[in-house]
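What follows is a set of notes on a single structure, which appears directly below.
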Amino acid sequence: MSTRQQRPRFQPNVTGPEGRDAANQRFRAEAATFGLVWQCDACAYWRPSDRKCSVGWPNDALDRPGAEAIGSDDVPLFCKAFEDVLA
């Protein structure tokens, strides 16, 4: 019998009953409505020269236009070190 793996509390399943694609679509609409910035190119720690994070955050999922907010495993792809360059 297999055991069900528990997701860490800091990685909640944020898709809800609607599913990942609908949740990502809703997030994109809300980001546009409220002017949310959350991708690497808007972060003070992003190095455009090599497209890497200067504090070492794995940014493969965040450094391209149109990136999803919720990954294929239903975990949010937000960076915990994000600091808005406009702040």
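The values are calculated or read from the model by the stated rules, or taken from the named source; none is laboratory data. Here the structure is a predicted model, which is why all the values come from computation and not from measurement. As a convention, Cβ positions derive from the backbone with ideal geometry for all residues, glycine included, and neighbour counts pool all protein chains shown. Surface accessibility is based on the protein's heavy atoms, side chains included, excluding ligands, DNA and RNA. Shrake-Rupley method; radii C 1.70, N 1.55, O 1.52, S 1.80 Å.
General observations
- Residue count for segment 30-71, restricted to those that are modelled with pLDDT under 80 and of a type in the set (S, T, N, Q): 1
- Being outside any loop (DSSP other than H, G, I, E, B) and open to solvent by 60 Å² or more (accessible area, probe 1.4 Å) is a property that does not hold for residue 60.
- Scope segment 1-29; condition modelled with pLDDT of 85 or more, closer than 23 Å to residue 81 by Cα and open to solvent by 80 Å² or more (accessible area, probe 1.4 Å); matching residues: 28
- Where a residue in segment 14-32 is free of Cβ contacts under 8 Å to residues at least 24 places away in the same chain and its partner, wherever it lies, is open to solvent by less than 60 Å² (accessible area, probe 1.4 Å), with Cβ under 7 Å and at least six apart: 16/23
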